[in-house]
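Trainee: My questions will all concern the structure given below.
The values are calculated or read from the model by the stated rules, or taken from the named source; none is laboratory data. Just so you know, these numbers come straight off a predicted model, no measurement behind them. Cβ placement follows ideal geometry from the backbone for every residue including glycine, while neighbour counts extend to all protein chains displayed.
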Amino acid sequence: MMVDARMQDNDDSDESYQVLRDAKIARIKGWSPQERAKVEQDWTELFRDGEAALDTDPAGPVGQVLATRWMTLLEDFAGPNQMRSDDTTARYTQWAESPSPYGNPRVWEFVARALASRI
């Protein structure tokens, strides 16, 4: 049945997400205090630069550089090659529409539009 197939796809997706989430948590726990401080600094700088770019075109060069930096930082959490697929970019774009846990929500929206312009 079609419904059963879709439910199975959702179950597989949830299981895949859980595996990625567990790997991400393990990676973060292994970071030294210096690595954690560096990541925090990188995100702070990215949000600062994102705020400075809010009046630019997200699909333009500045927006695309910010989107690339954003995805690179996310990959630090997720692990190599986990943030590169179009599916992941599309999912991230959806996540960015929910309340942001960190930083200026306008920067999240800007980066989501920058990433969406790639799809």
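Trainee: Run ALA52 past the list (1) in contact with a Gly (Cβ under 6 Å, 6 or more places away or on another chain); (2) modelled with pLDDT of 95 or more and report the number of the one that doesn't hold.
Mentor: (1)
Trainee: Moving to a separate point now. Quick check, is ARG106 of a type in the set (Lys, Arg), modelled with pLDDT of 90 or more and crowded, with 17+ Cβ neighbours inside 10 Å?
Mentor: no
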